[in-house]
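In what follows, a single structure is set out as structure tokens and then discussed.
The values are calculated or read from the model by the stated rules, or taken from the named source; none is laboratory data. This structure is a prediction, so every number in the text was calculated from the model and none was measured. Glycine also receives a Cβ, built like all others from the backbone with ideal geometry; neighbour counts cover every protein chain displayed. When the accessible area is computed, the model is the full protein with side chains, heavy atoms only, and any ligands, DNA or RNA have been set aside. Shrake-Rupley method; radii C 1.70, N 1.55, O 1.52, S 1.80 Å.
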Amino acid sequence: MKKKLGRIFADGYLGLVIAFMYLPIFLIIVFSFSGSSRFSFENGFTLESYKAIFTSGAQSENLLSALKYTLILAASASVISTILGTFATIGIYYLNRKVKKITLTVNQLPMINSEVVMAVSLMVFFAAFSFVFPQGLTRLIISHVAFCTPYVVLSILPRLQKMDPNMYEAALDLGSNPFAAIFKVVIPFLMPGIVSGFAMAFTLSLDDFIITQFNKGDTGIETLSTYIYEDARVKSLEPFWFAVFSIFFVVMLTLLLLINIKKNSKKEDKQ
């Protein structure tokens with residue numbers, strides 16, 4: 001009886017957590033077909049919100065521009081932070097124990113620190129060295145790389161710790177130089193962690209608002225997050241945005257499902 005009650009309580013608790021996480025998203029998707037921002041179907045079931053994405057004139061153009069800058073920024077920042085994070089992880093791994101501990105602690109500071117503090121710090125840094133870092137994508141890419149790289153390091157490090165250190169030494173003994181040994185032995189072994197780090201960096205950059213808002217300057221560059229904020233601040237959330245949010249959620253969910261299906265198929269092939 002106690003086990004049954006415990007099971008019911010556990011299932012109920014899990015159901016509540018899932019409901020709190022996904023019910024708001026579900027409501028956004030439902031009301032994206034209402035054509036109204038009053039959370040009612042006073043206009044009946046309609047696709048006007050989705051049509052507005054492509055027929056809203058200046059708003060559609062601004063949305064596409066924000067989407068373009070968001071993808072450029074996310075792609076650039078994730079590629080650079082993945083490269084830096086991969087080689088930084090390899091370097092950290094071969095440090096002595098004391099220095100490694102200090103380095104990993106420093107690496108975690110951007111993650112445990114408030115994002116507002118990091119955003120303001122980067123803004124002050126760029127203002128002090130404005131002659132080196134002009135306003136625009138350069139500052140934003142550097143800011144996102146600084147924010148994402150620690151996450152890449154933590155994604156790759158557990159995989160590196162599983163590697164047999166003799167693999168690298170064996171490659172050297174077989175005539176490979178250190179550079180070739182890293183690219184032919186170490187990096188292929190780390191590839192699952194590298195892919196995970198890249199995906200995390202891309203998602204973090206895609207989703208970031210605070211760092212982008214503080215460092216985009218007066219260049220007119222807007223990402224999706226900053227454009228949504230500016231538009232909603234002036235006009236409040238329109239049905240237009242319900243449709244945009246719904247499309248983003250469905251696209252991300254589809255990609256996630258495809259990645260998990262691919263991973264599971266690979267596991268089954270190995271078995």
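Cβ-Cβ distances below 9 Å connect the following pairs, each with a first residue in region 69-93 that is over 15 Å from Lys216 (Cα atoms), a second residue that is open to solvent by less than 10 Å² (accessible area, probe 1.4 Å) and not in a helix (DSSP H, G or I), and a separation of six or more residues or different chains: Tyr93/Met163. If I go through region 237-251 residue by residue, how many of them are over 30 Å from Phe126 (Cβ atoms) and either open to solvent by 20 Å² or more (accessible area, probe 1.4 Å) or at pLDDT below 80 (or both)? Qualifying residue count, region 237-251: 9. Taking region 161-252 as the region of interest, the helices (runs of 4 or more DSSP H) fully inside it that hold 2 or more residues being farther than 22 Å from Leu64 by Cα are 165-173, 178-181, 187-207. For region 85-108, the criterion of being part of a helix (DSSP H, G or I), at pLDDT 90 or above and closer than 17 Å to Ser143 by Cα is met by at least one residue.
Please work out if Val234 is at pLDDT below 85, hydrophobic (A, V, I, L, M, F, W, C) and open to solvent by 20 Å² or more (accessible area, probe 1.4 Å). Judged against the criteria, Val234 is a match. Could you count how many residues in region 141-163 are open to solvent by 40 Å² or more (accessible area, probe 1.4 Å), touching a Phe, Trp or Tyr at 6+ places or on another chain (Cβ under 9 Å) and either hydroxyl-bearing (Ser, Thr, Tyr) or closer than 18 Å to Gly193 by Cα (or both)? So the answer is 3.
Of all residues in region 39-50, exactly one satisfies the criterion of being open to solvent by 70 Å² or more (accessible area, probe 1.4 Å) and closer than 22 Å to Tyr227 by Cα, namely Glu48. For region 112-132, a tally of residues being open to solvent by less than 80 Å² (accessible area, probe 1.4 Å) and not in a helix (DSSP H, G or I) returns 4. Residues in region 51-68 that are in a helix (DSSP H, G or I) and in contact (Cβ under 8 Å) with a residue 12 or more places away in the chain were compared, and the one that is surrounded by the most Cβ atoms within 10 Å (Cβ to Cβ) is Leu63. In the set Leu23, Leu5, only one residue is within 28 Å of the chain's Cα centre (by Cα), open to solvent by 60 Å² or more (accessible area, probe 1.4 Å) and not acidic (Asp, Glu); that residue is Leu23. Against the test of being buried (at least 19 other Cβ atoms within 10 Å of the Cβ) and among the hydroxyl-bearing types (Ser, Thr, Tyr), the options Thr223, Thr219, Thr254 yield a single qualifying residue, Thr223. Is at least one residue of region 93-105 surrounded by 15 or more Cβ atoms within 10 Å (Cβ to Cβ), touching a helix residue (DSSP H, G or I) at 6+ places or on another chain (Cβ under 9 Å), hydrophobic (A, V, I, L, M, F, W, C) and farther than 21 Å from Val251 by Cα? Scanning region 93-105, I find at least one residue that is surrounded by 15 or more Cβ atoms within 10 Å (Cβ to Cβ), touching a helix residue (DSSP H, G or I) at 6+ places or on another chain (Cβ under 9 Å), hydrophobic (A, V, I, L, M, F, W, C) and farther than 21 Å from Val251 by Cα, so the answer is yes.
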